[in-house]
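The values are calculated or read from the model by the stated rules, or taken from the named source; none is laboratory data. This one's a predicted model, so the numbers in the text were calculated from it and none came from an experiment. Backbone-built Cβ (ideal geometry, glycine too); neighbour counts: all protein chains shown. For the accessible areas, the whole protein counts, side chains as well, though only heavy atoms, and no ligand, DNA or RNA atoms are used. Shrake-Rupley method; radii C 1.70, N 1.55, O 1.52, S 1.80 Å.
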Amino acid sequence: MRFILSLLFISSFFLNAQNNYPQDYFDSPLEIPLILSGTFAELRSNHFHSGLDIKTQQRTGLKVKASADGFVSRIKVSHYGYGKALYITHPNGYTTVYAHLQKFAPEIQAYIKKHQYEKESYEIELFPNAEVLPVTKNSIIAYSGNSGGSGGPHLHYEIRDKKEHPINPMLFGIDIKDSTNPIIKSIYAYPLDENSFVNKANTKQKLQLIPLKNGDYTIKNIEAYGNIGFGIETIDRQDLAANSNGVYNIQTFLNGRRNFELDFRKFSFSETKHINRLIDYEHYTTKKQRIQKLFKKDNFLSLYKSVVKDGCVSIQDSTYSVYKIRVADYKNNESWVTIHIKGTKDHISEPQKKQSTPYYIKANKATNLKEGHVSVDFYKDTFYDDFYMDFQVKNDTLTLHKNVIAANKTFNITYDVSAYNDEDKSKLYIARLLGRKKQPAYTSTKRKGDLLIAKTKTLGTFTLATDSVKPTITPVNFKKGQWLSKYRYLKIKIEDELSGISKYRATVNGKWILMEYDYKTKILTHDFNDGIITDTKNNLKVIITDNVGNNSTFEALFYRK
Ligand SMILES: [Zn+2]
């Protein structure tokens with residue numbers, strides 16, 4: 001008996017050590033086999049992905065079910081981001097999130113519409129009490145869609161703990177077929193100070209990756225000296241789709257001893273921006289490839305687990321070391337990379353000289369840069385490291401370095417436009433110049449008297465641009481004066497080329513009507529089933545305002561009975 005008890009104890013100890021989360025509590029939110037276009041903590045621009053992206057067979061309108069009993073605790077409808085999203089809180093303390101929805105189940109939809117009409121706004125955020133919208137396990141709560149910042153039909157599904165920290169849903173037993181090893185795309189070595197070298201150079205080196213027959217990899221032998229680190233570009237594929245997804249765990253070993261680990265099972269939203277510290281940010285913004293650094297400088301991320309000497313490797317003269325990298329997916333399919341390092345001080349070249357400018361940014365100090373009518377304010381700790389900033393103002397064009405250094409906080413760019421005449425002043429906005437063609441892109445601009453202020457987190461080139469062109473409004477599925485008795489929807493296309501659309505408002509016979517805005521198709525849609533339009537003769541009025549305040553009004557009569 002004692003033997004059995006201790007055996008039970010030991011086996012449950014190992015199980016618990018691996019995973020403390022309830023198994024079989026949460027059911028799949030969809031009725032189809034689960035195939036992923038995105039995994040948990042996958043690397044995205046400026047954030048880690050906080051859930052699973054479940055493919056919906058290139059369709060919208062699939063039934064979305066509550067994963068467990070609970071109540072709708074939060075509803076958010078927004079043009080961007082999660083689009084239409086539902087949050088369900090469960091008695092065990094966890095919350096499940098369902099995003100990019102097409103529409104909600106009728107009872108929930110009615111509750112939301114009531115509030116949208118009260119607030120006269122499509123965008124809305126609500127926090128109903130537990131009694132208002134209770135749900136039972138597997139009941140239909142919504143239909144899958146492509147709303148908000150979604151690039152194709154899918155369901156974004158999350159599980160969060162009480163502290164709103166997202167956790168990998170697979171840890172709760174959500175099962176995804178995966179027998180494929182992670183793929184290593186490239187390996188880099190970084191000399192970490194001016195006296196360190198890899199293959200005789202003091203700069204980042206791409207190493208020659210050699211795939212082996214068993215699926216693992218080796219590297220053409222390297223020579224190194226001093227303090228160095230490695231970086232990896234890696235993805236995982238599951239069995240049933242070609243999507244490049246994220247891996248689950250990365251470990252490194254130096255001469256048989258583990259010295260670094262990245263573990264993607266849970267994170268907090270407050271740390272997600274520090275992804276730009278994990279990846280080689282300059283490499284990402286210039287080459288669009290994400291190299292994850294297998295060494296660290298500070299403790300911004302909870303994803304770092306076992307770390308010896310920050311994951312850095314110290315190589316002495318006349319030595320021989322073996323460095324190994326293990327990459328694993330959730331199903332423990334693993335790929336290994338083996339790197340043989342010969343320590344040598346021979347034939348070392350001069351260290352690269354750092355480019356200097358008159359503007360040295362101390363990361364732990366607030367800095368103001370000013371020239372002529374342009375001023376830039378960085379708060380304390382806007383950047384992670386000290387560096388020489390390239391700062392130039394020529395007429396209205398501000399060169400604020402290049403987007404190769406990640407910012408941790410937003411900073412302010414201020415233009416004094418008092419030299420412009422009043423007519424022109426009101427049409428100005430701050431634009432970021434993008435790409436080789438230097439296309440001006442609107443940057444959210446506030447006005448304070450003669451000052452224009454933009455807040456951004458991205459370095460680059462900025463200018464003042466003018467938008468004196470009004471938005472355009474075009475009916476999509478009807479003509480002025482038409483009978484629309486058999487129509488379910490009223491659709492209007494709205495466009496603004498330069499500063500972009502800021503506001504829209506539609507009324508019929510003076511009454512506000514709900515119009516859903518999809519920024520990707522530029523279409524506003526009203527559902528006649530809302531029951532607001534009851535008269536026979538209807539005067540539709542739509543007012544669109546762009547980001548500098550240019551207005552357009554569209555009016556049309558239509559009839560219904
Ligand atoms: Zn997603």
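Summary table
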quantity	calculated
The stretch 494-530-the stretch 313-389 distance, computed between alpha-carbon centres (Å)	47 Å
The chain - share of DSSP beta bridges that are antiparallel (%, nearest 5)	95 percent
Size of charge dipole - the stretch 350-439 - debye, nearest 20, with Cβ of Lys, Arg +1 and Asp, Glu -1, no other charges	340 debye
Magnitude of the charge dipole, the chain, Cβ model with Lys/Arg +1 and Asp/Glu -1, debye to 20	720 debye
Virtual spin-label span in nm between Ala201 and Arg74, 7 Å along Cα→Cβ	4.6 nm
Peptides 226-233, 457-464 ordered by average Cβ neighbours within 10 Å, highest first	226-233, 457-464
Under 9 Å, Cβ to Cβ, from Lys177 - net charge with Lys/Arg +1 and Asp/Glu -1	-2
Reachable aspartates and glutamates from Lys63, criterion Cα separation under 14 angstrom, eight or more residues apart if same chain	Asp27, Glu31
Accessible-area composition of the stretch 315-414, carbon plus sulfur, in percent [1.4 Å probe]	47 percent
Surrounding net charge for Glu125, when Lys and Arg each add one and Asp and Glu each subtract one, Cβ distance under 13 Å	+3
The chain, helix-only ellipticity at 222 nm - DSSP H runs n ≥ 4, -39,500 (n - 2.57), divided by all residues, nearest 500	-2500 deg cm²/dmol
Carbon plus sulfur fraction of accessible area for the stretch 423-561, probe 1.4 Å, in percent	49 percent
Sequence-distant residues sharing a close amide H with Gly38 (under 5 Å, placed H)	Asp53
Under 17 Å from Lys491, Cα to Cα: aspartates and glutamates that are on another chain or at least 8 residues apart	Glu516, Asp518, Asp527, Asp530, Glu555
For Thr399, solvent-accessible area (1.4 Å; no DNA, RNA or ligand), Å²	40 Å²
Integer Hz, Karplus 6.51/-1.76/1.60 couplings in order for the stretch 500-514, x for Gly and Pro	x, 7, 9, 9, 9, 8, 10, 10, 10, 6, x, 8, 5, 10, 6
Accessible surface of the stretch 146-249 [probe 1.4 Å, protein heavy atoms]: carbon and sulfur percent	47 percent
Packing-based ranking, highest mean first, of 385-393, 122-130, 29-37 given that Cβ atoms within 10 Å are counted	29-37, 385-393, 122-130
Whole-Hz couplings from phi, Karplus 6.51/-1.76/1.60, listed for the stretch 318-333; x for Gly and Pro	6, 10, 9, 10, 10, 10, 10, 10, 10, 10, 10, 9, 4, 7, 6, 6
Unit Cα scatterers, Debye sum, the chain: log10 I(q)/I(0) for q = 0.06, 0.09, 0.10, 0.12 Å⁻¹	-0.40, -0.87, -1.04, -1.31
Computed FRET value (nearest 0.05) for Ile140 with Lys345, which takes r as the C-beta separation and R₀ as 60 Å	0.30
Estimated FRET transfer efficiency (Tyr388, Asp450; beta-carbon r; R0 30 Å; 0.05)	0.40
Accessible area in square angstrom per residue, the stretch 359-466, 1.4 angstrom probe	53 Å²
Probe 1.4 Å, accessible area per residue of the stretch 472-559, Å²	51 Å²
For the stretch 253-299, accessible area per residue (1.4 Å probe, heavy atoms of protein chains only), Å²	46 Å²
